[in-house]
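Asker: My questions all concern the structure below.
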C-alpha cells in the first residue's frame, strides 16, 4: 500500500464511492461533507456495489476544511457548479507539493484551479461511473467506475505519463478501480465531451433518454452533427479525435441500457446544470482559436434558458 | 360588390373567420367542413370578434368537395400538415382560370399546388391573425386579421401587382379585412418566416411563451441568430431582408402580450406540427442554393423528434 493521504472534497455519489474504495483498501482518507455530516460522522459510509457491498462504520468526517489535515492528494468531487467554493476549500487541505485530482467533467477546470493553488501538481480524471447517492452516507454503485488520468500543465501541454500519476494509479488499482493513464489530458477531456455535449444537452432539452435520442433518425443525426462540432473544437486546440472514436461512442450508446444522463438527473432534481464546464467552456476555447461551433452554441443558449427557469 | 364566388377549404379558426366575413359582406361563399359539418349545416357560423360579433344562421356547408360548385376563388385554409389531401380536394372546386388563394405559412406551398392544378392563378396570402375555434362553428377572433397577398409564378418570379390580386383585395376590403399587396410573394414568405421560425420553433422546444423567450438574454440572442439565418436563406434565393425588418420583429414581439405560438398550441393539443412547411422547406430551399442553415437545421431535428413523440 502506498502511503499517500487523501482528502475527498464532496462526499457524494462519486467522491464517496472512490473515497470509500480507497479507505477500504487501506489508504488514509478524509471526507468533507455537507448535509450528510452528522449521519456519516456517527455511522460511516455504506457502499452498495455491483462489485461487492461493504460498510465503513468509521470514517474521518469533516464539515469544515479548516479542521482537516493537509493531504497529499485532494480529490475534487463536487459538481462544477460548486467550483466557486474552491478558493475557500482547497488551500487548507492541500500539502505543499501535493496533488489536486479533479474528477469533474468539462474543460478548463484545471486552469481555474491552477489560479487558486500554487506549488501543486494538478491531475485531471475522467470518470466513467454510474453511481447514485440513495441516502445520507449511502451510495449505490450501479456500473462502470474506471478513470482516465492525465497530468495538467500550463496551456494543457502534453505531460506524458508522470511518476505522480503512476503513484496515484497504484493506490486506485489496489482499491479495485480501473485506471487508464493518458499522456494528453486535453485530448482526454475533449473525447469525453464527444459523448457529454450531445447526450447531456439534448436529454435535458428534449426530456429524453439516450435510447430515445438514438432511436429517432433526426435526433440521431443531430447527435452526430454535435459530435462533429466537438471534433472541430478539439482540432482548434491542436487535438485530433478520429472519426472512428465518434462511431465507437455511437455504437456504445446504442448498446447501453436506456440511460438518463447526469445533467438530466440534475435538471429533474432542480439542481443547477453543469452548463458552463461542459458546454460553455468548450465554446469559449474554440472561439479563442477563432472556431465557431454554431450548433453547440445553440444548445448552450437553450440550456441556459432551461437552467435559469429551473432554478426559480 | 364583386361577383367572385369563394370556396373555403378548411372552415376552422382562419378559414371560417375570413369566409364568414366575406359572406357577411355579400359574397357567395361555400364552406368545406369536416367534424363540424352537422352543426354548421344546421346552425351556421358564429363569429365573436373584437371588430364586432355576428352570426350567419345559414351557410353553404359541405362535407364533400364533389358536392361543391366550382368557384372562382378557392381559399386553402387547412394546416399544411393536411396538404397531402389537396390533390383530392382542389380539382373539383376550382373553375378553369380560377384562383387558388393559399392562406398558409411556410415556403414552397404554391409550387406544390401548381403541380396539382393547371390553368389557375395561384396567390399566396400571409395572414396576421389571432383567432381560435372555441366550438363547432363558433370562432373567436381575438386580434389582427390583415393579409399580405402576392401572386405566384414559376420559381417565384416577381409578378408585380396583378388585376387578379386587386379584384380579390377589393372583396376582402369590402368585408373589412385589411389587405397589403406585395409585388414579391417569395420575399413576403421569407419575411413571415423571420418571426415564425424562431418563435414557433423555440416555443415548442423550450415550452415557452414569446415573452419568456424575449426576457431571457440567451434565448433572445438565439432568436436573433435564427433570424439572421432566415435572412441568409432569403438571400440565397435572391431576396434581401433588411436588418431593420428583424429589429422591427424583435421590438414588435417585445411589445406583444405574452403569446403562445400556433405551433405550440398545435403541440399542446397533440396535433401534428407544421414543421415541414415552416422549417424544413426553407432549409431545403437554401440548400438547393448551396447555403447551409445550421441552427435552423438543429431546430428542425429537435422539432421532428418532439413531433414524432407527440403523435404516438
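Asker: Averaged over its residues, how many other protein chain Cβ atoms are within 10 Å of peptide B:214-225's Cβ atoms?
Answerer: 4
Asker: Helix-only estimate, please: 222 nm mean residue ellipticity of chain A, summing -39500 (n - 2.57) across DSSP H runs of length 4 or more and dividing by its residues, to the nearest 500.
Answerer: Estimated from H runs of four or more residues: -13500 deg cm²/dmol.
Asker: Applying 1/(1 + (r/R0)^6) with R0 = 35 Å to the Cβ-Cβ distance of residue B:183 and residue B:309, what FRET efficiency is obtained, to the nearest 0.05?
Answerer: 0.25
Asker: If you don't mind, another one. Please tell me the relative contact order of the stretch B:5-183 in percent, rounded to the nearest whole number, where contacts are Cα pairs under 8 Å and at least six residues apart.
Answerer: It comes to 21 percent, rounded to a whole number.
Asker: Sticking with this structure for a sec: Give the distance, in whole Å, between the Cα centre of the stretch A:33-67 and the Cα centre of the stretch B:178-244.
Answerer: Taking the Cα centre of the stretch B:178-244 as reference, the centre of the stretch A:33-67 is 54 Å away.
Asker: What are the equivalent ellipsoid semi-axes of the stretch A:161-258, built from the alpha-carbon gyration tensor (square roots of five times its eigenvalues), in whole angstrom, biggest first?
Answerer: 29, 18, 10
Asker: The stretch B:1-103: D in µm²/s via Stokes-Einstein (Kirkwood Rh, Cα pairs, 37 °C, 0.692 mPa s)?
Answerer: Estimated via Stokes-Einstein, D reaches 241 µm²/s.
Asker: Oh, and also: In whole Å, what are the extents of the stretch B:176-229 along the principal axes defined by its C-alpha atoms, from largest to smallest?
Answerer: Principal extents (Cα only, largest first): 36, 28, 16 Å.
Asker: Quick check: from the Cα gyration tensor, does the stretch A:187-310 come out rounded (a/c under 1.5), prolate or oblate?
Answerer: oblate
Asker: Which of A:199, B:259 has the fewest other C-beta atoms within 10 Å, and how do the rest follow up to the most?
Answerer: By the 10 Å Cβ count, ascending, the order reads B:259, A:199.
Asker: For the stretch B:222-282, report the convex hull volume of the alpha-carbon atoms normalised per residue, in Å³, without decimals.
Answerer: Convex hull of Cα atoms, per residue: 93 Å³.
Asker: Taking residue B:311 in one copy and the same position in all the others, each labelled 7 Å out along Cα→Cβ, what are the pairwise distances from the first, in nm, shortest first?
Answerer: Distances between equivalent label points, in nm: 3.8.
Asker: In addition: Pairs of Cα atoms under 8 Å, at least six residues apart: use those to get the relative contact order of the stretch B:104-244, whole percent.
Answerer: Value for the stretch B:104-244: 18 percent.
Asker: What value does the protein assembly as shown have for Rg/Rh, both radii from Cα atoms and Rh as Kirkwood defines it?
Answerer: 1.11
Asker: Run through the DSSP bridge list for the stretch B:5-183 and note the antiparallel percent, rounded to the nearest 5.
Answerer: Of the beta bridges lying entirely in the stretch B:5-183, close to 35 percent run antiparallel.
Asker: Can you sort A:17, B:267 by how many other beta carbons sit within 10 Å, fewest first?
Answerer: B:267, A:17
Asker: Please build a GNM for chain B, connecting alpha carbons under 10 Å apart, and tell me which residue among B:33, B:299, B:142 fluctuates the most.
Answerer: Of the options given, B:142 has the highest mean-square fluctuation.
Asker: Output the relative contact order of chain B, whole-number percent, from Cα pairs under 8 angstrom with separation of 6+ residues.
Answerer: Once divided by the residue count of chain B, the mean separation gives 15 percent.
Asker: Using a 7 Å offset from Cα along the direction of the beta-carbon, what are the separations from residue B:111 to the same position in each other copy, nm, ascending?
Answerer: Result, one decimal in nm: 4.4.
Asker: Sticking with this one: Which whole number gives the average, over all residues in B:306-312, of C-beta atoms from other chains lying within 10 Å of the residue C-beta?
Answerer: So the per-residue partner count for this stretch is 3.
Asker: Still on this structure, please answer the following. Given a Förster distance of 25 Å, report the FRET efficiency between residue B:251 and residue B:142 from their Cβ-Cβ distance, rounded to the nearest 0.05.
Answerer: 0.75
Asker: Give the Rg/Rh ratio for chain B, taking Rg as the radius of gyration of the Cα atoms and Rh as the Kirkwood radius, to two decimals.
Answerer: We get a ratio of 0.95 for chain B.
Asker: Kindly put A:31, A:245 in sequence by how many other C-beta atoms sit within 10 Å of each C-beta, fewest to most.
Answerer: Exposure proxy ranking, most exposed first: A:245, A:31.
Asker: Put a point 7 Å out from Cα along the line to Cβ at residue B:258; what are the distances to that point in the other copies, in nm, shortest first?
Answerer: Copy-to-copy label distances at residue B:258, shortest first: 3.3 nm.
Asker: Let me ask you something else. Quick one: of the DSSP bridges fully inside the protein assembly as shown, what percent are antiparallel, nearest 5?
Answerer: DSSP beta bridges in the protein assembly as shown are roughly 35 percent antiparallel.
Asker: Which values, in whole Å and largest first, are the semi-axes of the equivalent ellipsoid of the stretch B:5-183 obtained as the square root of 5 times each eigenvalue of the Cα gyration tensor?
Answerer: 24, 19, 14
Asker: By DSSP, what percent of the beta bridges with both residues in chain A are antiparallel, rounded to the nearest 5?
Answerer: Of the beta bridges lying entirely in chain A, close to 35 percent run antiparallel.
Values in this text are rule-based calculations from the coordinates and carry no lab data. Since we're looking at a predicted model, the values are computed, not measured. So basically every Cβ, Gly included, is an ideal-geometry build from the backbone, and we count neighbours across all protein chains shown.
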